[in-house]
Amino acid sequence: MKLFLSSSPHQRVKRDTGQVMRLVIYAMLPAMILQVVVFGWGLVIQATLTVATALLVEGLILTLRQKHVERTLGDYSAVVTALLIAISIPPTLPWWMTIIGTFFAIAIAKQLYGGLGFNMFNPAMIGYVVLLISFPVAMTMWLPPMSMLAEPLGFIDTLMLIFTGYTNSGLDITQVRTVADGVTMATPLDTVKTGLASGQTYHEALLEPIFNGGFAASLGAGWAWLSVAYLLGGLVLLRLKVINWHIPGAMIGSVVVVSGLLHLLDMDHYASPLFHIFNGSLLVGAFFIATDPVSASTTDKGRLVFGAAIGFWLVIIRTFGGYPDAVAFAVIIMNMAVPLIDYYTKPRTYGRDRNPRSTSKR
């Protein structure tokens, strides 16, 4: 028996869970390929680790629960969760950390609640947050683009770095992250946050020689191109009616409004909306993470509230919190509020009087 994701009577496109998840994977693939081109083979290795771990853990748990293993694994939900973790973590994260994060996502955040359809939180974001809180230093060790490395990594060097901590020539991750001019490179979000904390203004932090300034910094470091690629994948999902526009639209709009107001109040200390949109995982989160059909709001009004609140928390945590990016925290916070949001935004039952207190006189 297949589970169909449809909403009677107005939804005309009926797809089972496996078809929906495969479409999500297809929409992610072009951006993932670009991520490999820009940042090297790490994503391929990490995706292999996460997918294998997710399928193995879910299969074992389903066996213990005496559930139908082949049918459940065939819905591809575990694969989507695994790929979301893989694109969210640094490409050279040690293998055992990757396995721990994936285990928590599948075993704790998903299967402990009863499996797909019963989980309260987005499993991929739970796995990511567990890793970020447990191993904060390792989770910030993002590589610069391969073209900027003093010693570009090949597949074997990347594999050895993930499994042994050193490349074939004996370099560790800190040494590998050193770019051609001898400076250890961070992500644009890290650079701006560190610069602001050290007393620099927003524009001074952007004009670090390593990035060459502003939006060009994101383009040069590869992050904006990735954001655009995931945006295009998200638009494909919208076109195919796999997701609705409400959550991504409200989330991006909220980020523009909140960050725009802060930037207008103090341009020296608060990042511009453009910087927020094209750096970090905002666009990935808006189209591929926050739109999870299980842990997100299920009403149209609720989706608008849900997406807007995620955008609000994203800017607040990025600006005033201790982490440079905040999609995972913002999504998890709002996952907790979904039952309340759905309760107060549920549509009126067809045929029901808008004012139940009014009664007609006979």
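What distance in nm separates the simple spin-label points at residue 64 and residue 163, each placed 7 Å from Cα in the Cβ direction?
According to this spin-label approximation, the distance is 2.7 nm.
Go through 290, 323, 274 and say which Cα lies farthest out towards the positive end of the charge dipole of region 263-327; charges sit on Cβ, +1 for Lys and Arg, -1 for Asp and Glu.
290
If the limit is 26 Å between Cα atoms, which of 67/346; 193/241; 14/110; 67/110; 110/193 go over it? Numbers along the way, then the final one.
On the way: 67/346 33 Å; 193/241 37 Å; 14/110 24 Å; 67/110 14 Å; 110/193 33 Å.
Beyond 26 Å: 67/346; 193/241; 110/193.
Pop out the carbon and sulfur fraction of the accessible area of region 15-179 as a percent, whole number, probe 1.4 Å. Before the final figure, lay out the partial values.
Values: 4790 of 6950 Å².
The value for region 15-179 is 69 percent carbon and sulfur by accessible area.
So if each residue of separation counts as 0.36 nm, and I subtract the Cα-Cα distance between residue 56 and residue 22, what length gain in nm does that give?
Numbers: separation 34, 0.36 × 34 = 12.24 nm, distance 1.90 nm.
Fully extending the segment from residue 56 to residue 22 adds 10.3 nm.
Given the whole protein assembly as supplied and a 1.4 Å probe, what does the accessible area of residue 336 come to in Å², nearest 10?
110
Only helical DSSP H runs with n ≥ 4 go in: add -39500 (n - 2.57) per run for the chain, normalise by residue count and round the 222 nm mean residue ellipticity to 500 deg cm²/dmol. Provide the component values of the computation, followed by the final result.
Values: 16 runs with 204 residues, N = 362.
Mean residue ellipticity at 222 nm (helix-derived): -18000 deg cm²/dmol.
Taking all protein chains together and a probe of 1.4 Å, list 346, 193 from the most accessible to the least accessible.
On the way: 346 130, 193 45 Å².
Correct descending sequence by accessible area is 346, 193.
Kindly point out which whole DSSP H helices in the chain project their C-alpha atoms 18 angstrom or further along the helix axis while averaging a Kyte-Doolittle hydropathy of -0.5 or above.
Details: long enough: 17-39 (32 Å, 1.65); 42-64 (33 Å, 1.87); 223-239 (24 Å, 1.51); 246-265 (28 Å, 1.69); 300-320 (30 Å, 1.06); 327-345 (24 Å, 1.58).
TM-like helix candidates: 17-39, 42-64, 223-239, 246-265, 300-320, 327-345.
Once all Cα-Cα distances of region 293-351 are split into 5 Å bins that start at 0, what whole-number percent is in each one?
Percent of pairs per bin, in order: 4, 21, 26, 19, 13, 9, 4, 2, 1, 1, 0.
Leaving out ligands and nucleic acids, note down the accessible area per residue over region 186-345 with a 1.4 angstrom probe, in whole Å².
Numbers: 6710 Å² over 160 residues.
Per-residue value: 42 Å².
Keeping all protein chains in place, calculate the accessible area per residue for region 15-179 (probe 1.4 angstrom), answer in Å². Numbers along the way, then the final one.
Details: 6950 Å² over 165 residues.
Per-residue accessible area for region 15-179 comes out at 42 Å².
Using only alpha-carbon positions, what ratio does the radius of gyration of region 72-164 give when scaled by 2.2 N^0.38 Å? Before the final figure, lay out each step's value.
Values: Rg = 14.9 Å, N = 93, 2.2 N^0.38 = 12.3 Å.
The reported ratio for this selection is 1.21.
Rounded if a/c is under 1.5, else prolate if a/b beats b/c, else oblate: with a ≥ b ≥ c from the C-alpha gyration tensor eigenvalues square-rooted, which is the chain?
On the way: a/c = 2.24, a/b = 1.34, b/c = 1.67.
It is oblate, given that a/c is not under 1.5 and a/b is not larger than b/c.
Taking 0.36 nm per intervening residue step and subtracting the Cα-Cα distance, what contour gain separates residue 174 from residue 146 on full extension? If you can, show how the numbers build up before the last one.
Details: separation 28, 0.36 × 28 = 10.08 nm, distance 1.46 nm.
Using 0.36 nm per residue and subtracting the Cα-Cα distance, I get 8.6 nm.
In nm, give the distance between the simple-model label positions of residue 238 and residue 37, each being 7 Å from the Cα along the Cα-to-Cβ direction.
Those two pseudo-labels are separated by 2.3 nm.
Got a number for carbon plus sulfur as a percent of region 220-338's accessible area, 1.4 Å probe?
Details: 3310 of 4600 Å².
About 72 percent, which is the carbon plus sulfur part of the accessible surface.
The values are calculated or read from the model by the stated rules, or taken from the named source; none is laboratory data. Only a predicted model underlies this, so the values are computations on that prediction, with no experimental measurement involved. All Cβ positions, glycine included, derive from the backbone under ideal geometry; neighbour counts span all protein chains shown. The protein model used for the area step is the full one, side chains on, heavy atoms only, and it has no ligands, DNA or RNA in it. Shrake-Rupley method; radii C 1.70, N 1.55, O 1.52, S 1.80 Å.
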